[in-house]
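Participant: This structure is in structure tokens; I'll ask about it shortly.
Every number in this text was worked out from the coordinates using simple rules, so none of it is lab data. Please read these numbers as outputs of a predicted model, since none were measured by experiment. When we count neighbours, we look across all protein chains shown, and the Cβ atoms used for this are built from the backbone with ideal geometry, even at glycine.
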Amino acid sequence: MTETSDSHPRRDVRGVQVFDGFLDAVAQAAMVADVRAIARAAPFVVPVTRRGQPLSVRMTSAGLLGWVTDRRGYRYEARHSSGVPWPPIPDSVRAVWDAVVPGARPPESCLVNWYGPDARMGMHQDRDEGDFNQPVVSISLGDDALFRIGNVERGGKTESLWLRSGDVLVLGGAARLLHHGVDRVAPGTSTLLDAPGRINLTLRVVSDETSVPSR
């Protein structure tokens, strides 16, 4: 079940708040069903960089805005590449945000990444948003992933931890702009999904307070 942040233990890793096992098995299964509904409305795509290089993850989104990357660069869009609006953020996902960052503004975007067994994500910052005072919340479902946390500036010493199904991270405050990435996935470490791999949901506030988006 989803708990409040006060009732669930957390640990601090370089300023990132880690809620181990925040979602139990029942809540995880329900959230996977909600993610599948998102993917039916806005199918996963293989994103590419400005140079046309494909990422190893597949992506979709929910909410008022979805994060996209293609030859035009990194940005948020109000519609899927097919032209349909993004589906709403499921209540099960929004409940996690409300529990772990109760004082934050409502999330406007939920990026959904599907990591196959060989997928990874290079070190990066989440900095395409307009209000860095608002946190980023990350939810892990499926196989374990080796998550690496760096520094605000690129380079320097990093620290890694294994994220397991049901874990939740909060990047806020001084940790909001830390570089982070996923070095690898450990196939077969979870039986939650129908196939080896991992789902990551990342909730963000996109706009500054003076430019809240609408449909």
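Participant: Using just the alpha carbons, could you tell me how many Å³ per residue the convex hull of the range 106-169 encloses? If you can, show how the numbers build up before the last one.
Facilitator: On the way: hull volume 7.2 nm³, N = 64.
Roughly 113 Å³ of hull volume per residue.
Participant: If you stretched the chain out fully between Val26 and Thr69, how much longer would it get, using 0.36 nm times the residue separation minus the C-alpha to C-alpha distance? Can you show the working numbers first?
Facilitator: Numbers: separation 43, 0.36 × 43 = 15.48 nm, distance 3.31 nm.
Additional length available on full extension: 12.2 nm.
Participant: How far is it, in nm, from the label point at Arg120 to the one at Ser82 when both lie 7 Å from their Cα along the line to the Cβ?
Facilitator: Each label point is offset 7 Å from its Cα along the Cβ direction, giving 3.2 nm.
Participant: I would also like to ask the following. Work out the charge dipole of the chain with +1 on the Cβ of Lys and Arg and -1 on the Cβ of Asp and Glu about the Cα centre, then indicate which of Thr60, Ala25, Ser82 is farthest towards its positive end.
Facilitator: Checked the options; the winner is Ser82.
Participant: Quick check on the chain: helices-only [θ] at 222 nm, where DSSP H runs of length 4 and up contribute -39,500 (n - 2.57) each and the sum goes over total residues. Nearest 500, please. List each step's numbers first, then the result.
Facilitator: Details: 2 runs with 27 residues, N = 215.
The helix-only estimate for the chain comes to -4000 deg cm²/dmol at 222 nm.
Participant: I've got another one for you. Using alpha carbon coordinates only, what is the Rg to Rh ratio of the chain, with Rh defined as the Kirkwood radius? Before the final figure, lay out the partial values.
Facilitator: Numbers: Rg = 16.0 Å, Rh = 17.3 Å.
We get a ratio of 0.92 for the chain.
Participant: Extending each Cα 7 Å along its Cβ direction at Leu146 and Ala33, get the distance between those two points in nm, one decimal.
Facilitator: Placing both labels 7 Å beyond Cα along the Cβ direction yields 3.5 nm.
Participant: Treating only the Cβ of Lys, Arg, Asp and Glu as charged (+1, +1, -1, -1), what charge dipole size does the range 5-204 show about its Cα centre? Round to the nearest 20 debye. Could you put the intermediate results ahead of the total?
Facilitator: Details: 24 positive and 22 negative charges, 148 e Å.
For this selection, approximately 720 debye.
Participant: Can I ask one more? Between Arg184 and residues 5 or more places away or on another chain, which pairs have amide H atoms under 5 Å apart, with H built 1.01 Å from N, and which residues are they?
Facilitator: So Arg184 has HN proximity to Leu146.
Participant: Between the range 88-113 and the range 17-45, how far is it from one alpha carbon centroid to the other, in angstrom?
Facilitator: Measuring centre to centre over Cα atoms gives 12 Å.
Participant: Starting at the first residue of the range 49-55, write each ³J(HN,Hα) from the Karplus equation 6.51 cos²θ - 1.76 cosθ + 1.60 with θ = phi - 60°, in whole Hz, x for Gly and Pro.
Facilitator: So the J values, rounded to whole Hz, are 7, 4, 8, x, 7, x, 6.
Participant: Another question about this same structure. Once the Cβ-Cβ distance between Val46 and Arg11 is put in as r, and R0 is 35 Å, what FRET efficiency do you end up with, to the nearest 0.05?
Facilitator: Working: r = 34 Å, r/R0 = 0.98.
The computed FRET efficiency comes out at 0.55.
Participant: Report the relative contact order of the chain, percent, no decimals, based on alpha-carbon pairs under 8 angstrom and at least 6 residues apart. Display every interim value, and only then the final one.
Facilitator: Working: 511 pairs, mean separation 52.8, N = 215.
Relative contact order for the chain comes out at 25 percent.
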